[in-house]
Amino acid sequence: MVLKIMIVDDEPMIIDVIQAYLEKAGYIVYSAQNGSEALIKIDEVNPDFLILDLMLPDFSGEEICKWVREKSDIPIMMLTAKTAEDDRINGIVIGADDYLTKPFSPREVVVRVEAILRRTKQGNSRDVLSYNNKDLVIDILKKEVLVRGGNVTLTPIEFKMLVGMAKYPGRVYSRLDLLEKVQNESYEGYERSIDVHIKNLRKKVERDSKKPEYVLTVFGMGYKFGGKLDVSHTSI
């Protein structure tokens with residue numbers, strides 16, 4: 001299947017250059033030059049990957065990224081002339097998978113796109129996820145979790161939180177992000193109540209809940225998954 005990539009940037013020259021390199025690499029490429037056009041086309045095209053400039057003439061890239069994240073987990077790469085550390089961190093926190101500052105090499109864009117797609121494909125296409133040399137194994141279909149070879153029982157909310165984070169190791173999830181992931185479990189809690197579920201989850205999957213290896217706190221931001229995916233492992 002040929003993957004579809006959407007480029008959103010208000011500079012036609014940048015779009016043209018990136019599009020040429022991506023099409024040469026075998027992708028179908030769509031583009032938009034402002035936020036309004038992007039929102040319409042994203043719904044129409046349903047791209048597999050989004051390359052998003054932060055500074056657009058109408059909506060900010062951050063606003064579009066948040067809008068996309070409410071509907072989809074497609075990979076997002078941010079493009080920006082901003083170089084401040086806080087800007088880069090904010091882009092990752094709101095859901096971007098990568099952050100590339102201008103000027104950049106179009107070849108680097110292609111390499112990063114392919115690397116992210118490989119990583120997210122590994123995280124999404126498996127029914128069984130294994131981490132840290134089978135120390136933690138998650139069977140998504142059976143809703144089973146093995147920790148150091150032993151079966152542990154998670155609540156539906158704990159399981160959804162764990163799977164949601166484990167599919168994208170390293171991505172930071174705010175409490176609101178995690179709250180949204182468990183809403184369809186008839187859960188009507190508040191953002192801070194997520195901390196209670198995280199505490200309980202750590203007791204079940206960590207060797208030492210005070211020194212977690214998997215469910216990590218990112219101070220002032222939220223939580224992320226710290227396990228390393230076992231690339232060769234596909235079944236329990």
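Checked against (1) over 19 Å from Lys102 (Cα atoms); (2) crowded, with 18+ Cβ neighbours inside 10 Å, Leu52 meets all criteria but (1). Summed over segment 137-153, the residues that are assigned to a loop (DSSP other than H, G, I, E, B) and over 23 Å from the mean Cα position of the chain (by Cα) give a count of 4. Screening Thr120 on (1) surrounded by 16 or more Cβ atoms within 10 Å (Cβ to Cβ); (2) at pLDDT 85 or above shows it passes everything except condition (2). Checking each residue in segment 7-34 for being under 21 Å from the mean Cα position of the chain (by Cα) and under 16 Å from Lys66 (Cα atoms) picks out only Val8. Of the listed requirements (1) at pLDDT below 85; (2) in a helix (DSSP H, G or I); (3) crowded, with 16+ Cβ neighbours inside 10 Å, Met165 misses just one: (1). Does Leu146 fit the bill of being surrounded by 15 or more Cβ atoms within 10 Å (Cβ to Cβ), modelled with pLDDT of 90 or more and outside the structural domain of Ala115 (by TED's automatic domain parsing)? Yes; evaluated as a whole, the condition is true for this residue.
The values are calculated or read from the model by the stated rules, or taken from the named source; none is laboratory data. Just so it is clear, the structure is predicted and the values come from calculations on it, not from any experiment. Please note: Cβ atoms are built from the backbone with ideal geometry, for glycine as well, and neighbour counts cover all protein chains shown.
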